[in-house]
1. Given (1) buried (at least 19 other Cβ atoms within 10 Å of the Cβ); (2) under 24 Å from the mean Cα position of the chain (by Cα), where does Glu283 come up short, assuming only one miss?
2. Can you tell me which residue in the stretch 105-135 is modelled with the lowest pLDDT, limited to those that are out of contact with any Gly (no Cβ under 7 Å at 6 or more places or on another chain), closer than 23 Å to Lys157 by Cβ and hydrophobic (A, V, I, L, M, F, W, C)?
3. Quick one: which of Glu181, Glu192, Glu172 is acidic (Asp, Glu) and touching a strand residue (DSSP E or B) at 6+ places or on another chain (Cβ under 6 Å)?
4. Identify, from the list Ile104, Ile170, the residue that is β-branched (Val, Ile, Thr), within 21 Å of Met5 (Cβ to Cβ) and touching a Lys or Arg at 6+ places or on another chain (Cβ under 7 Å).
5. Somewhere in the stretch 223-239, is a residue in contact with a helix residue (DSSP H, G or I) (Cβ under 9 Å, 6 or more places away or on another chain) and either surrounded by fewer than 18 Cβ atoms within 10 Å (Cβ to Cβ) or touching a residue at least 40 places away in the same chain (Cβ under 8 Å) (or both)?
6. Scan the stretch 300-316 and give yes if some residue there is at pLDDT below 90, of a type in the set (Asp, Glu) and in contact with a His (Cβ under 8 Å, 6 or more places away or on another chain), otherwise no.
7. What number of residues in the stretch 441-459 are surrounded by fewer than 16 Cβ atoms within 10 Å (Cβ to Cβ) and either within 16 Å of Thr399 (Cα to Cα) or not β-branched (Val, Ile, Thr) (or both)?
8. Can you pull out the residues in the stretch 439-454 that are modelled with pLDDT of 85 or more and assigned to a loop (DSSP other than H, G, I, E, B)?
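The values are calculated or read from the model by the stated rules, or taken from the named source; none is laboratory data. Just so you know, these numbers come straight off a predicted model, no measurement behind them. Positions of Cβ are generated from backbone atoms using ideal geometry, with glycine treated the same way; all protein chains shown enter the neighbour counts. Remember, those area values only see protein heavy atoms, side chains included, never the ligands or the DNA or RNA. Shrake-Rupley method; radii C 1.70, N 1.55, O 1.52, S 1.80 Å.
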Amino acid sequence: MVDRMIYQANLVRQPENLGQLILDSNDLERERGITILAKNVSVTYNGVKINIIDTPGHSDFGGEVERVLNMADGVLLLVDAFEGCMPQTRFVLQKALSMGKKPIVVINKVDKPNCRPDEVQEEVFDLMFNLGATEEQLDFKTVFGSAKQGWMGPDWKTPTSDITFLLDTILEEIPAPSVVEGTPQLLITSLEYSPYVGRIAVGKLSRGKLSSGQQITLCKRYDIQQKTKVKQLMVFEGLGKKEVSEVQCGDICALVGIDGFEIGDTVADSENPEALPTIAVDEPTMSMLFTINNSPFFGKDGKFVTSRHIKERLDRELEKNLALRVKPGMNADSFVVYGRGVLHLSVLIETMRREGFELQVGQPKVLDKTIGGQRCEPIEELSIEVPEQFVGAAIELSTRRKGALVHMEPRADRTLLEFEIPTRGLMGLRSNLLTATQGEAVIAHRFKEYQPFKGEIENRTNGALVSLETGEAIAYSMNKLLDRGRFFIDPGEEIYAGEVVGEHTRERDLNINICKTKKLTNVRAAGSDEKIILPPPVKMSLEEMLEYIREDELVEVTPHHMRMRKILLDPLARKRNSDNEA
């Protein structure tokens, strides 16, 4: 959608194939088809500069949304013409409405078969009403169209030639930033990094003027004030930035040369500083242990393998990832990282992996709270859209994990199921649902609130197949053990003692040796040398591995490999440990 606005403003020549995304430029964003980082661009239309902030929709990246909404004067609510309002739609919209932003509803993808734009418009109205929108917010304009085909208009049945209607609606509906006279005030809501000038503060000037070389006061948390100077000022123009000598009230700008700032600090007048309210961010709901890679294969694959490297990288992430917290672990080589959910933390791990880090992560743990003397846990709203024949299986899987069905609605040949489910119950649910529905389920969830503890939930019922030897996995040995479970590795792969190489058919773990080669003799018999054909191994993504592992297991993450392993690699140590627990 934003890419279309950029083409319309002739900032980028429109490519022949529209598969190339401009704003979702991060590899992870392109692979997953989601926005992870908030980004700023600007387009000029009819002589008016429109600043655009592209925010993530998923509640796991709520920290990104909370900080950038302060800069916006209005919002475009983008909704799919077939899927309608998803749980994450509700999350971002709630934040925007509570800040008093006026929405324009854009119903996109009307070129989809079976789309239902009129019903979706009603859904959006009901959702806004339920979220406590004001009369003015409920009197929203709706724009229909298809960003892929490059048109927007007032009626979805009659396509237009371009997205001029949307840009006109933005100019009509969204107010220009109000100009407030007085001493300068700017809340730092984002940061960028340049190898040449270091950290750059980004925010919207909400009062007064700022000029290059001006002396200012940085108002930090806990009433700390720090005198500093703006060395350089830049505004966003198109896809880049332009250096300016002065910035007027209402513009979004980037400040170079301010040292020691954090997101949520206020840039204020040097003589009479007045701080703005800092950004409030929802608390994390999940924690995970990060530790150095101490497996037999450590250091073979990555560039950054020490605890110092991992600590420095996590400290860098804390500067811009508001929803993240880091505390020291049980020993000097480990850290406990707190985040919004498995997706939030797995994106961080995946980014680190691609940067050349080696690390190990433990099972995600949900954070309980004591409210009024009662143990409470986070509850999520889960929506599952499945074909009719799989409704029973989806309900059974969700209710087994303490999910309560609150709403059920048919949609064409599919059914939408909505549950309230403990965050613990979501661990591993996605992979089970996709298996049970032959990959057809569309799953989304968002944090709702803390509720009293729902009781124990059955976890993974199958034990692990654990390697006894370090070496190369041999097809001959694997073939002999096919009846014991399914494998996660290919023959010929390097494995080590203590690595989880497959899933056992029974509940307990089984130690196996798949590095044994066939004993060769000079006796030949018919049928003894036929080619061994193994079923393909089960390959898991990082999130699936994190949801799959048990308390006594870790995921080893390196730039080219992801393996599951036991914390105690020695089978005798594992046995002694389980005997002690018993």
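1. Looking at each condition in turn, Glu283 falls short on (1).
2. Across the stretch 105-135, the extreme among qualifying residues is Cys115.
3. Values: Glu181 fails: touching a strand residue (DSSP E or B) at 6+ places or on another chain (Cβ under 6 Å); Glu172 fails: touching a strand residue (DSSP E or B) at 6+ places or on another chain (Cβ under 6 Å).
Step by step, each of Glu181, Glu192, Glu172 is checked, and only Glu192 is acidic (Asp, Glu) and touching a strand residue (DSSP E or B) at 6+ places or on another chain (Cβ under 6 Å).
4. That would be Ile104, the only listed residue that is β-branched (Val, Ile, Thr), within 21 Å of Met5 (Cβ to Cβ) and touching a Lys or Arg at 6+ places or on another chain (Cβ under 7 Å).
5. Let us first name the residues in the stretch 223-239 that are in contact with a helix residue (DSSP H, G or I) (Cβ under 9 Å, 6 or more places away or on another chain), namely 238-239.
Checking which are either surrounded by fewer than 18 Cβ atoms within 10 Å (Cβ to Cβ) or touching a residue at least 40 places away in the same chain (Cβ under 8 Å) (or both) leaves us with 238-239.
Checking the stretch 223-239: at least one residue is in contact with a helix residue (DSSP H, G or I) (Cβ under 9 Å, 6 or more places away or on another chain) and either surrounded by fewer than 18 Cβ atoms within 10 Å (Cβ to Cβ) or touching a residue at least 40 places away in the same chain (Cβ under 8 Å) (or both).
6. So far as the stretch 300-316 goes, yes, one or more of its residues are at pLDDT below 90, of a type in the set (Asp, Glu) and in contact with a His (Cβ under 8 Å, 6 or more places away or on another chain).
7. Going through the stretch 441-459, the residues surrounded by fewer than 16 Cβ atoms within 10 Å (Cβ to Cβ) turn out to be 442, 449, 451-453, 455-459.
Adding the requirement that they be either within 16 Å of Thr399 (Cα to Cα) or not β-branched (Val, Ile, Thr) (or both) leaves 449, 451-453, 455-459.
Number satisfying all stated conditions: 9.
8. Phe453, Lys454 - these are the residues of the stretch 439-454 that are modelled with pLDDT of 85 or more and assigned to a loop (DSSP other than H, G, I, E, B).
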